[in-house]
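Below: the structure, in structure tokens.
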């Protein structure tokens, strides 16, 4: 396995190196993770910020150099972050209604293709909005948002997945393609299949919020009803209090709504209760020799997973992919809970970055459009 180093500004080839077996490749949609590779060279023609491509078997990974360190044995240690961190930049944002895939594409292009700072523009970057996912997002006045946070918001609430790949022309790297797609059908996984081992499931100790009650404000002139929504064990949202799939232990939250907020109540309830239902960490080893599930091949961060374990169904998502020391086994994590102290500190720091995050989302109108 080898890493190919490319110039950040031009994508021009700079160097390559063979990777030793003690590598640790890890990408995560919940917290920013750093991958580590020991290289068989005492020097590398690359600098912090350069692009790195790993291609091996069915795996394709694009990273950014975070650090390069000379080891005592005269090998190099390369620390990389996922290419998505290129978009960890704050931009002004207003409320929007329409095709959210095109909206995200436009925001990325504004910053990295049409900026008035030519040094910031990446001429090799191609962004494709391959689907039509209609919906709306509402931000408070004078809001700033990181593009990475916008990607996470659209992934959680609309099933939009962002993936990256390289394109070649006459044997040379020509472009990095950003594909913005609607998530396909949920992939089903059973814990008892032969390819899965070392399963661990950790759930939050608190009760999942499974009932949201919205009371009309006294100032309302149009909408004056109490609106109640229920989270079902299937992960769906219902207004039927007698639904047989309701949680038997009720944990609820209440809030007031204005006339203007009435049409978005269901999506607010879904956002509240779905995020709570993802408060678990399911980890397992996946044998890469299986012919169905290929992380970084046909499984990407954000892929919806229906996970079956001993009569329990988890409607969750793939949030971490990790290869450590070998490509024969992949370590996968489902859900948004993180139990290591380091990861929990990272999550706390990212939630206290001081930006204005007063937002709401409205349900998708349709999800017709292009193909994956």
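The values are calculated or read from the model by the stated rules, or taken from the named source; none is laboratory data. Nothing here was measured: the structure is a model prediction, and the numbers come from that model. Counting neighbours? That spans all protein chains shown, and the Cβs are built from the backbone with ideal geometry, glycine included.
Right, residue 42: exposed (fewer than 15 other Cβ atoms within 10 Å of the Cβ) and in contact (Cβ under 8 Å) with a residue 24 or more places away in the chain or not? If you could, list the steps in order and put the result at the bottom.
Working: exposed (fewer than 15 other Cβ atoms within 10 Å of the Cβ): yes; in contact (Cβ under 8 Å) with a residue 24 or more places away in the chain: yes.
Yes, satisfied.
Taking the condition in contact with a helix residue (DSSP H, G or I) (Cβ under 7 Å, 6 or more places away or on another chain), closer than 27 Å to residue 335 by Cα and either assigned by TED's automatic domain parsing to the domain that holds residue 32 or part of a strand (DSSP E or B) (or both), does residue 201 pass?
Values: in contact with a helix residue (DSSP H, G or I) (Cβ under 7 Å, 6 or more places away or on another chain): no; closer than 27 Å to residue 335 by Cα: yes; either assigned by TED's automatic domain parsing to the domain that holds residue 32 or part of a strand (DSSP E or B) (or both): yes.
For residue 201, the condition - in contact with a helix residue (DSSP H, G or I) (Cβ under 7 Å, 6 or more places away or on another chain), closer than 27 Å to residue 335 by Cα and either assigned by TED's automatic domain parsing to the domain that holds residue 32 or part of a strand (DSSP E or B) (or both) - is not met.
Got a sec? Which strands (runs of 3 or more DSSP E) wholly within the range 1-45 have at least 1 residues that are more than 18 Å from residue 165 (Cα to Cα)? I'd like the intermediate steps shown before the answer.
Working: elements: 2-6, 13-18, 24-28, 34-39.
The strands (runs of 3 or more DSSP E) meeting that bar are 13-18, 24-28, 34-39.
Can you tell me which residue is farthest from the chain's Cα centre (by Cα) among those in the range 209-225 that are buried (at least 17 other Cβ atoms within 10 Å of the Cβ) and either touching a residue at least 60 places away in the same chain (Cβ under 8 Å) or closer than 16 Å to residue 268 by Cα (or both)?
Just the residues of the range 209-225 that are buried (at least 17 other Cβ atoms within 10 Å of the Cβ), to begin with: 209-212, 214, 216, 220, 223.
Restricting the remaining residues to those that are either touching a residue at least 60 places away in the same chain (Cβ under 8 Å) or closer than 16 Å to residue 268 by Cα (or both) gives 209-212, 214, 216.
Working: 209: 23, 210: 24, 211: 26, 212: 26, 214: 29, 216: 34 Å.
Ranking the qualifying residues of the range 209-225, first place goes to 216.
Going by the conditions given, is residue 161 buried (at least 16 other Cβ atoms within 10 Å of the Cβ), in contact with a strand residue (DSSP E or B) (Cβ under 8 Å, 6 or more places away or on another chain) and either in a strand (DSSP E or B) or at pLDDT 90 or above (or both)?
Numbers: buried (at least 16 other Cβ atoms within 10 Å of the Cβ): yes; in contact with a strand residue (DSSP E or B) (Cβ under 8 Å, 6 or more places away or on another chain): yes; either in a strand (DSSP E or B) or at pLDDT 90 or above (or both): yes.
Against the criterion (buried (at least 16 other Cβ atoms within 10 Å of the Cβ), in contact with a strand residue (DSSP E or B) (Cβ under 8 Å, 6 or more places away or on another chain) and either in a strand (DSSP E or B) or at pLDDT 90 or above (or both)), residue 161 qualifies.
Among 300, 291, which is the only one that is at pLDDT below 90 and farther than 22 Å from residue 156 by Cα?
Working: 300 fails: farther than 22 Å from residue 156 by Cα.
Going through 300, 291 in turn, just one is at pLDDT below 90 and farther than 22 Å from residue 156 by Cα: 291.
So is residue 135 crowded, with 19+ Cβ neighbours inside 10 Å, over 17 Å from the mean Cα position of the chain (by Cα) and closer than 30 Å to residue 261 by Cβ or not?
Numbers: crowded, with 19+ Cβ neighbours inside 10 Å: yes; over 17 Å from the mean Cα position of the chain (by Cα): yes; closer than 30 Å to residue 261 by Cβ: yes.
Answer is yes for this residue.
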